[in-house]
Each structure stands twice: as C-alpha cells, then as structure tokens.
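For reference, the structure is listed below as structure tokens.
The values are calculated or read from the model by the stated rules, or taken from the named source; none is laboratory data. As the structure is a prediction and not an experimental result, all values here were calculated from the model. Glycine gets a Cβ as well: all are built from the backbone with ideal geometry, and neighbour counts include every protein chain shown. For the accessible areas, the whole protein counts, side chains as well, though only heavy atoms, and no ligand, DNA or RNA atoms are used. Shrake-Rupley method; radii C 1.70, N 1.55, O 1.52, S 1.80 Å.
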Amino acid sequence: MSELRVHLPAFRHNVATLAAIAAPARTMLAVKAEAYGHEMLPVARAALEAGADSLAALEVPAALALRDAGIRVPIFAWLHGADTDFRAAIAQRVDLGVSSREELHRITASTDEGVAAVHLKIDTGLHRNGASVEQWPALVTDALAARDAGRIRIAGLWSHLADASPEADAAARAEFERAIAVAGELGVPLEGPDRPLLHLAASSAGIREPEARYDLVRFGIAAYGVSPFDDVDGPGLGLRGTMTLRAEVLAVADGRAVLDVGAADGLPPRCSGRPEPAQRSCSAAAGHACSPSTSTP
Amino acid sequence: MRRRALIDLEALAANLRDADADLLDARADAYGHGLALVAPLARDVGIGTLLVSTERDAATAAAAGHEVVIGRMSAAEIPDAAIAFGVDGTHRPVMTVSGELIATKHVPAGAGVSYGYTFRTSRPTTLGLVGLGYADGIPRLGSNRAHLAIDGARYPLVGRIAMDQFVIELGDAEVHAGAEVVVFGDPAEGHPPRASGPPGQNAPRSP
C-alpha cells in the first residue's frame, strides 16, 4: 500500500512565513486544483488561520464550494468558460477576474442578484488571459459605465508575471503601471475608499520583488513548500514540505526495491534516475509498482 | 468550464469482444476509464474475472458479477489491456480527452508566451487559451511539442503548460471561444492519436 499525507502545520508555517514577507501587502492564498492536490477545504481553512485573508480559487465552481463550506473571506475566480454561472458567483459574492469586454458583458447581464466585484486584468506579456494594451481602455471604459449603472464594483486591477527574468518582470511591471495610469485617467479612483486593489505578484515576485507586491500577493506554489526559483530550494527559503508520500516495499533484490506505488498514483513515468536522495523514486513507474534504486546514497 | 474525458462504450465492447479474454486488467479504476462503467460491460461480453487495484474496486467488480483478483501479477500473466482500451494502435480508442477554448488573442511577431517566454511568435498571429493544464493530467513535457485538434484541424501547443491552462497557436483559423479542443481521441474522427505527442503519455498503456 501507499499513503499520501498532508502536513497542515507545515502549510500554516509556510503561509505565515510568506505573509510576513509580503506585509504590509495582504496575502491571497491559491487553493486551485484542490489546493495543489492537498484537498481544498482543510487547506483553505489552514491558510486563513495562518495569515491569508483571501483565497484564489481559479474558477467559479471551486469558489462556490468554498462558500458552501461556510468560508466568508473574499474568494477570487478568474478563468471562466462558456458555461460559467456568473449569477451564482455574484449571489455568493465571488470576486471575478475579467479579461475582455465580452466577459464583462456576460457578467453585467447576470447582476440581478447583486453587484459584481470585478478585477480587470491587463496582459503584461504572458499572452494568456487579460486585455491587451490596445483593448484595455475600452475594457476600463465599459467597466466604468457598468459601475455607474450600479451593476459592478471595480474591486481590482491586476496582472500576472511570466517569471522569465528580472528584466522581463520589470518590463511587465512598467506595463502594469501604465495600465493603472490609463485606468486612472479614464476615471477609476486611484485614491480613497473606492480605490481598487492592485495585484501582480505570485510566489516568485512576492518573495523577491518588493516593488511588485502592491496591495496583495497571490501566493501559490511557495505555500506548498516548493521554491519558485531555480537557485534555492524550499528549505532554503524557510519553507517546509507539505506532503509525504510513503509506499510499502514489496520485494528487494540486487539492491533494488519494488515499491507499491506508480504511475497510476500520479508518479510521473519520467521520475526515474533522479540523483537527489529526496527525489529518488522510480526507475520504472508503471501501473502500481515501481522499482526505485535503494542503493544510491 | 468544460473538461471532458469521453468514454466510448461501443468501442470498448467491440475491443473486449476482439480481445476474447477471460480476464481483464482493470486496475487503477480501469486505467482511468471508470470501473463502474467498464465492469458491467465486461460481464456482458463474457469476461468473468477482473484484475483490480483496491478493495473498493473489488467490491465494484464483484457487484457486477465478476470473479475478482486484487493486486499485481507479473507482466507475463497480464492480458493486453491495450486492446481493450484501444491504445494498441489497431483498435478503436475508447477515451477522448478535450477541453475548452477560453479566449483568443491577436498578437504581433515576437510575442512571448506563458511562463519563461519559452516560445516567441514568429509572425503576427492568433493565440488560443485552453482551460486544461498539468492539474488535469496534461504532462508538462508537451510544452512546445504537442498538437491539439479543433474541428479536426491541428494546432501546435506553444509555450509552457501551466497548472490549469496552456496556449495554442491558431494562426489565421476562424475559431472562437467556447470551441472544443481535443487532446487525444480516435484518429478516425480527426482527433490526435494518443501516441502522437506528449499529451497522450498519461493515458493508459499496457503494463
């Protein structure tokens, strides 16, 4: 048999560590993909106990599941499909990322049960979601009109970094600054109680680029104990591992053991032959059994 | 957001009849096809014994009227599950995996795509954002290598695959948000074959 154990105390330690790094910026914790495979609800509660004050859910159904579990903090969802239920999201006060006028119009058409809190996204170079520089003024203008009509609240202006290099991140940050300025010129308040949250950084920039932290950092991978950098590992950042995978030894022969764990349990077939002791696992992950080398140091 | 693994029960039944075996390797929830679907069908076509991974799967198989073997067998004893699930290159593939085109975006030449900017566009083009990623089992090794299908036409996956999204280059194609993007399926229906690129590598294979 094999067993995957999640360590919530280690996770809480990581969240507290990251929240202290980000302060005075606030900490939003990413619990997408079932909290990176750790199980969403216990992890979400642990994150809030440890210093996060909002949650990143990726998509509306996950956000609604968090609400159904009684979690009341702001929850952010930003990847929407053709069938996304914006009406339910608005009724449950889910903050919605908005990348295009089309998306904004679908949301404003769903506001009969409340005012939608929207975070307008500018694409600063990743070329995934987000309005292009050319599309940005029209998106902001439409959002201001929807705000004035009482349908939405502009709760945030945001983007996401490519982590390509410090120079690329700096260029993206400059792009973000220009987008904020454009939004301000068009009428989005950049001071006062109605000022939207500005957010750009995830784990990598949240740790290393203080100028990218703005009002909040969306921490993901680092909270789960994994370094976002190539030049330092999780422990090197003061982070603890949040999972332990154990497997029973089924047989031993010629210095090699066959373990009761394999590709069907999620071990990548290519994890074989890794030199690091902590990573050494399978030399042939297939089906349920694999044979790691137990003789390497 | 749609993410779909479609199981073709007719193809599965035809493959099982063709395999003409008394025992089916149905470990790991029938190679991810869903033992609750596969077990009754296997019984209907005359298979009497299922090999399963867990006690819970054993109960599912027994409820469908099977003799059950739990656990592992040496490779020589295991019948060819590749035939049953249509991943032997000859039989009809049983599973089709698809996601949704979330958005399209026109970009100039030289635009970096996804984390690390491992891809830059060589011409003005259109990019498509697909709502699938490694959290859905799409191996990151498919980054800058895999090809996906929309309405039978193939498009290259560009840039790094992220946890819940990746980007394809659509060029001049007239496709729109909401379109179904097929990762792998039956080549006879215009879908990419499972073995054609890295996205198929998480699919069942013969042990």
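Restricting to segment A:127-169, name every residue that is away from chain B (no Cβ under 14 Å), more than 23 Å from the chain's Cα centre (by Cα) and not in a helix (DSSP H, G or I). Selection gives A:ALA149, A:GLY150, A:ARG151, A:ILE152. The criterion of at least 1 residues that are open to solvent by less than 70 Å² (accessible area, probe 1.4 Å) and modelled with pLDDT of 95 or more is met, among strands (runs of 3 or more DSSP E) falling completely within segment A:189-269, by A:197-199, A:216-219, A:243-247. Give the residue that is most open to solvent (accessible area, probe 1.4 Å), with candidates limited to residues of segment B:31-62 that are small (Gly, Ala, Ser) and under 19 Å from B:LEU9 (Cα atoms). Top of the filtered list is B:ALA36. Looking at the structure I just gave you, is A:ARG106 in a helix (DSSP H, G or I), closer than 30 Å to A:ASP68 by Cβ, open to solvent by 10 Å² or more (accessible area, probe 1.4 Å) and out of contact with any strand residue (DSSP E or B) (no Cβ under 7 Å at 6 or more places or on another chain)? Here the answer is yes, as A:ARG106 does meet what is asked. Quick one: count up the residues across segment B:108-120 that are open to solvent by 10 Å² or more (accessible area, probe 1.4 Å) and either of a type outside the set (A, V, I, L, M) or within 11 Å of chain A (Cβ to nearest Cβ) (or both). Here the count works out to 8.
May I ask you to verify whether B:ALA103 is within 10 Å of chain A (Cβ to nearest Cβ) and at pLDDT 95 or above? Criteria met by B:ALA103. Residues in segment A:104-126 that are β-branched (Val, Ile, Thr) and within 14 Å of chain B (Cβ to nearest Cβ): 2 in all. Considering (1) open to solvent by 20 Å² or more (accessible area, probe 1.4 Å); (2) away from chain A (no Cβ under 11 Å); (3) at pLDDT 95 or above, the lone condition that B:GLY152 does not fulfil carries the number (3). Those strands (runs of 3 or more DSSP E) of segment A:1-95 in which 1 or more residues are open to solvent by less than 10 Å² (accessible area, probe 1.4 Å) occupy A:26-30, A:54-58, A:75-77.
Kindly check whether there is at least one residue in segment B:119-133 that is part of a loop (DSSP other than H, G, I, E, B) and at positive phi. No, the conditions are met nowhere in segment B:119-133. Would segment A:6-28 turn up any residue that is under 14 Å from the mean Cα position of the chain (by Cα) and small (Gly, Ala, Ser)? Within segment A:6-28, none of the residues are under 14 Å from the mean Cα position of the chain (by Cα) and small (Gly, Ala, Ser).
Scanning segment B:135-142 turns up one or more residues that are aliphatic (A, V, I, L, M), in contact (Cβ under 8 Å) with a residue 12 or more places away in the chain and more than 10 Å from chain A (Cβ to nearest Cβ). Only one of the numbered conditions (1) more than 9 Å from every other protein chain (Cβ to nearest Cβ); (2) among the small types (Gly, Ala, Ser); (3) over 14 Å from B:THR126 (Cβ atoms) is not met by B:ALA162, and that is (1). Within segment A:12-30, residues that are small (Gly, Ala, Ser) reach partners that are in a loop (DSSP other than H, G, I, E, B) with beta carbons closer than 7 Å, at six or more positions or on different chains, in the pairs A:ALA16/A:GLY51; A:ALA19/A:GLY51; A:ALA19/A:ALA52; A:ALA22/A:ARG213; A:ALA25/A:ARG213; A:ALA25/A:TYR214; A:ALA25/A:ASP215; A:ALA30/A:GLY220.
Hey, does segment B:78-96 have a residue that's among the hydrophobic types (A, V, I, L, M, F, W, C), open to solvent by 60 Å² or more (accessible area, probe 1.4 Å) and assigned by TED's automatic domain parsing to the domain that holds B:ASP20? Taking every residue of segment B:78-96 in turn, none turns out to be among the hydrophobic types (A, V, I, L, M, F, W, C), open to solvent by 60 Å² or more (accessible area, probe 1.4 Å) and assigned by TED's automatic domain parsing to the domain that holds B:ASP20.
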